[in-house]
Amino acid sequence: MFYWVLKTVVLGPLLKLLFRPWVEGEENIPDEGAAIFASNHLSFSDSIFLPLMVPRRMTFLAKSDYFTGRGIKGRLTAAFFKGVGQLPIDRSGGRAGEAALRQGLKVLRRGELLGIYPEGTRSPDGRLYRGRTGVARMALEAGVPVLPVAMIGTDKAQPTGKKVPKLMRIGIKIGKPLDFSRYEGMEDDRFVLRSVTDEIMYELMLLSGQEYVDMYATSMKDRILAAAKTKAREIQEAALPGAAAKELEEALAAGEESSTRAASRAVDDAAADIDERTASEGRPAADGDTGRSDDERPGGESGSGSVDRAAS
């Protein structure tokens, strides 16, 4: 009851007025029967706008953190998610993953619509990441079609960490249903599950126009977090007393070493220049180039005087 009050009376009309969401492919929504809506995940508001624009009731699998908050805000958040048909799931893996799978299968076996994010978490950078195989397993076990859904612009309207969304148009693209009945009875084959999941992600990539990254979004988030921690540690170390002095000493030492090398090169060049000039001044003159005139040659006589004496 609370679901329909929020959707049709309280929240729905207001959101439609403010954000003017548009839907492409609405004709692909089944009028009856169970189906899985597999969507990309860009923003917290994805779980609000998609159920809002689908005429039938849709149940989403949401992380359990939304249901376990403390204080007034935590209780209000939990009440809201329960009211809009969200089911809490533990994403820690193992038995928790099996519990989430069973929750989703209960919804599908009642003939209802189930919303799921194959990436498992919000994209950290707007790209589309590798899908988890839970969506494939539920589709095969329940024998239901999968509708790929691309949310458009929700990451710009409400980026991660922003509480109040920016007023702008939100788009939703709903693709044609994907039939995986050819894999009936093969829900325990991990290669089949991966193949089905990859086919779903490929259709999501085509619908959304996002760049695809063949790694899990959680792994990328871990990388980003590790890089942020390293950067924070470097900043803290730089702020410690004496850290700046150490860097200054290293810079001065590097400068002194550079100056010493330059001075050494200058001395070597000067020495080489002196050696070259010395060698040039001490070199013997060539024949006929003694620097003396004919009158100053040995004997003290010119060549003409010798001719006169010989004639006499």
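So what is the relative contact order for the range 66-166, in percent, with contacts set as C-alpha pairs under 8 Å and at least six apart?
In percent, rounded to a whole number, it is 14.
Just report the Cα centroid separation between the range 46-83 and the range 131-204, whole Å.
Taking the Cα centre of the range 131-204 as reference, the centre of the range 46-83 is 19 Å away.
Given a Förster radius of 41 Å and the C-beta distance between Arg223 and Leu76 as r, what FRET efficiency does 1/(1 + (r/R0)^6) yield to the nearest 0.05?
0.75
Take the Cα gyration tensor of the range 1-70, multiply each eigenvalue by 5, square-root it, and list the three semi-axes largest first, rounded to whole angstrom.
In descending order, the three semi-axes are 20, 17, 14 Å.
Percent of Cα-Cα pairs more than 14 Å apart in the range 159-240, please.
The answer is 79 percent, as a whole percent.
Please report, largest first and rounded to whole Å, the three semi-axes of the ellipsoid equivalent to the range 1-148, where each semi-axis is the square root of five times an eigenvalue of the C-alpha gyration tensor. Don't skip to the end; give the middle numbers.
Working: eigenvalues 97, 80, 52 Å².
Each semi-axis is √(5λ); the values are 22, 20, 16 Å.
Since every read-out is calculated from the coordinates, none of them should be taken as a lab result. Just so you know, these numbers come straight off a predicted model, no measurement behind them. Quick reminder, even Gly has a Cβ in these numbers, built from the backbone with ideal geometry, and neighbours come from all protein chains shown.
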